[in-house]
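Scroll down for the structure; my scribbles are underneath it.
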Amino acid sequence: MAVEFNSNVAQSLFNDALATQTTAQSNNAMTVDDFWQLFAAELQYQDMTNPMDNADMMNQMTQMSSMNVMSAMSDAISNFSTVINNLSTVTLTSYSTGLLGREVTVALTNEEGKVVGKTKGTVTGVDLTGGTSVYVDGTKYSISQIMSMGEVPDDVTTDSSDQTAATT
C-alpha cells in the first residue's frame, strides 16, 4: 500500500502554524517552531515510493540554521545599538556636568544656525531634559554651541619657527 503526499493536509498544517505564531513579528514571518512543524509534516506525508532526497533535507536544515544565526546576529546588533545610545547619553551627561564652574566660550548663532558672535562666561547650570543644554551666566545655550573652555588665545595659528626659537 503506497502512501501519497497529501498537499491539503500539509497546507492545512502550514496555515495552522501561521495562525498560531506568537513570537513572529508578522504573519508572513516564520519561526523556528513553524519550520519544524512543516518539516515534520513534510516527512510524515511524503510519498514512501519517492521519499525526499537526503540532500534536500540537509539543505533545508542548513538554511534554517543560517536563518537562526542571522536572526540572533540581528538581535545582538539591535541590543548593541541600544547600549551605544545609552553610553553616549552617559558620556554627554558626564561631559556637561563636568563643565559646571568652568569658563567657556559660547558661539552666538542666528535663526539659520550661523555663528554671528561669541561670548565668554562661567557655566552655572546644566539642563539634561530635552537635550543637553548649559547655562552660562544665567543664559541657556545648547551644548553644541560651546567653542572652547578656559583661556584660549584669539590667534591660534603659530609659526613653527617661533616655537623653535622659544625652546632654544
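The values are calculated or read from the model by the stated rules, or taken from the named source; none is laboratory data. Given the structure is predicted, the values throughout are model-derived calculations rather than measurements. Positions of Cβ are generated from backbone atoms using ideal geometry, with glycine treated the same way; all protein chains shown enter the neighbour counts. The area values use the complete protein model at the heavy-atom level, side chains included, leaving out ligands, DNA and RNA. Shrake-Rupley method; radii C 1.70, N 1.55, O 1.52, S 1.80 Å.
Which one of the conditions (1) part of a loop (DSSP other than H, G, I, E, B); (2) touching a residue at least 12 places away in the same chain (Cβ under 8 Å) does Thr93 fail to meet, given that it meets all the rest?
(1)
From the list Val116, Val134, which one is among the aliphatic types (A, V, I, L, M) and under 31 Å from the mean Cα position of the chain (by Cα)? Quick ask: steps written out before the conclusion?
On the way: Val116 fails: under 31 Å from the mean Cα position of the chain (by Cα).
Sole residue among the options that is among the aliphatic types (A, V, I, L, M) and under 31 Å from the mean Cα position of the chain (by Cα): Val134.
Looking at the range 34-64, which of its residues are polar (S, T, N, Q) and exposed (fewer than 12 other Cβ atoms within 10 Å of the Cβ)? Before you say what the answer is, go through the steps one by one.
If we filter the range 34-64 for residues that are polar (S, T, N, Q), which is where we start, we get 37, 44, 46, 49-50, 54, 59-60, 62-63.
Residues satisfying the conditions are Thr49, Asn50, Asn54, Asn59, Thr62, Gln63.
State whether the residues of the range 85-95 include one that is more than 20 Å from the chain's Cα centre (by Cα) and either open to solvent by 90 Å² or more (accessible area, probe 1.4 Å) or at pLDDT 80 or above (or both).
Let us first name the residues in the range 85-95 that are more than 20 Å from the chain's Cα centre (by Cα), namely 94-95.
Keeping just the survivors that are either open to solvent by 90 Å² or more (accessible area, probe 1.4 Å) or at pLDDT 80 or above (or both) gives 94-95.
Checking the range 85-95: at least one residue is more than 20 Å from the chain's Cα centre (by Cα) and either open to solvent by 90 Å² or more (accessible area, probe 1.4 Å) or at pLDDT 80 or above (or both).
Just the residues that are in a loop (DSSP other than H, G, I, E, B) and either out of contact with any helix residue (DSSP H, G or I) (no Cβ under 7 Å at 6 or more places or on another chain) or exposed (fewer than 11 other Cβ atoms within 10 Å of the Cβ) (or both), please, taken from the range 107-138.
If we filter the range 107-138 for residues that are in a loop (DSSP other than H, G, I, E, B), which is where we start, we get 110-114, 128-132, 137-138.
Matches in the range 107-138: Asn110, Glu111, Glu112, Gly113, Lys114, Thr129, Gly130, Gly131, Asp137, Gly138.
Could you please find all residues in the range 96-106 being open to solvent by less than 30 Å² (accessible area, probe 1.4 Å) and of a type in the set (S, T, N, Q)? Working first, answer last.
Initially, the range 96-106 is screened for residues open to solvent by less than 30 Å² (accessible area, probe 1.4 Å), giving 96, 99, 104-106.
Once the filter is applied, which keeps residues that are open to solvent by less than 30 Å² (accessible area, probe 1.4 Å) and of a type in the set (S, T, N, Q), the range 96-106 yields Ser96, Thr105.
Do you know which residues across the range 19-50 are modelled with pLDDT under 75 and farther than 23 Å from Asp75 by Cβ?
Within the range 19-50, just Ala19 meets the criteria.
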